[in-house]
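Report on the following structure.
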Amino acid sequence: MQKARGITDNVSLLRNELFIPSLLLKKLVHEARKLMKKTCTHQPDCLKLIQRIIDREATPEEEAAFLANKDQCLPCQEGFELEQSLRKAIKSNCSSKCPEALFARIKAKLFVVLILISILIPLFC
Amino acid sequence: MEIPTQSVSQPQAHAQALFEKEFMPHLDAMYNFALRLTNDEDDAQDLVQDTCMKAFRFIDSFEPGTYAKAWLFRILKNNFINDYRKKSRGPSKVEFEWVEQSFSGDEDQEPASHADLHAETVNEMLGDEITAAIQALPVDFRMIIILCDLEEFSYEEMARILDIPIGTVRSRLHRARAILKESLATYAKSKGYH
């Protein structure tokens, strides 16, 4: 299965591996976008499909069909890049680690519960 | 703290081993989910602790080999709705408060318009701005975005965690993202992002 890539990914690839200068790349991307379809007649459905692709819920056939058309349709290309960016932003900004004190408190509470059970059960059995 | 296994009975020792192996590795994710739901560190810690104690109490109903994280998240979500929802804190940033007010409540309704937001704008935004926009979402939408985008649960797992049909998972997620994009677009415009 071909991995879904946005223009941003391809631009990074060109910049990092082929050492194409950023300014030239920007111009190339700008020109490429000019050739793309400016409106999408199925935009609401495409957006739903884009989200299912990003959520790994689309079938391989759906994903392949979308990827085959994405590079010709500007709204789909931009929609795909936006959804990818949003997910990336959420992943990198909304993570917090459990405080060590909480971890220790849960273990201590569990310890007390287990001891109480081991004392009380023989009394009632 | 090591629990002296010789002092506890065989079933309890088994339950303890199961708890440590299957549940403890998910504490970070549980705490993060609790923090996003309550918007308060102390409430989040209490919620995780209560969830762990409940999970231990009902450990017999957990089937080893099934997805422990989804089981724990379901308990946490129920715990939050029953005990914490009323006192959870509001949005942390004033700029995003309008999101709560503008939400009509009909989650099956299609989003009204497409937000004028671009990937480059999102990439330029500061972490705090993204976090504030998420925190300002109505809690049901915030919940589904965290479960999907951060914890990467499948639609089916989310349906089980949230006790809703899979179709509602899809529509709620779609609407949550639309509101988030609208909110970020309005904010970006007001702050002069390109």
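No lab work stands behind these numbers, since they all come straight from the coordinates. Just so it is clear, the structure is predicted and the values come from calculations on it, not from any experiment. Every residue, glycine as well, gets a Cβ built from its backbone with ideal geometry; the counts of neighbours run over all protein chains shown.
Computed over the Cα atoms of region B:115-173, what is the convex hull's projected area averaged over all directions, in nm²?
4.6 nm²
Report, in whole Å, the centroid distance computed from the Cα atoms of region B:167-192 and region A:26-77.
Going from one Cα centre to the other spans 19 Å.
Mind scanning A:Lys97/B:Lys181; A:Lys107/B:Lys181; A:Lys91/B:Lys77 and naming the pairs with a C-alpha gap bigger than 30 Å?
From the list (A:Lys97/B:Lys181; A:Lys107/B:Lys181; A:Lys91/B:Lys77), the Cα-Cα distance tops 30 Å for A:Lys107/B:Lys181.
So for each of B:48-60, A:95-107 I average, over its residues, the number of other beta carbons within 10 Å; can you give me the resulting order with the highest mean first? Could the numbers behind the result be given before it?
On the way: B:48-60: 18.1, A:95-107: 14.8.
Descending packing order for the listed peptides: B:48-60, A:95-107.
Any idea what diffusion coefficient region A:37-94 gets from Stokes-Einstein, in µm²/s, Kirkwood Rh on alpha carbon pairs, 25 °C, 0.890 mPa s?
Numbers: Rh = 11.8 Å.
Using the Kirkwood radius from Cα pairs, D works out to 209 µm²/s.
Compute the whole-percent fraction of alpha carbon pairs in region A:13-125 spaced more than 20 Å apart.
66 percent
So, in Å, what gap is there between the alpha-carbon centers of region B:117-139 and region B:28-60?
When both Cα centres are located, 25 Å separates them.
Starting at the first residue of region B:30-43, write each ³J(HN,Hα) from the Karplus equation 6.51 cos²θ - 1.76 cosθ + 1.60 with θ = phi - 60°, in whole Hz, x for Gly and Pro.
Each residue of region B:30-43 in turn: 5, 5, 4, 4, 4, 5, 5, 6, 8, 6, 8, 5, 5, 4 Hz.
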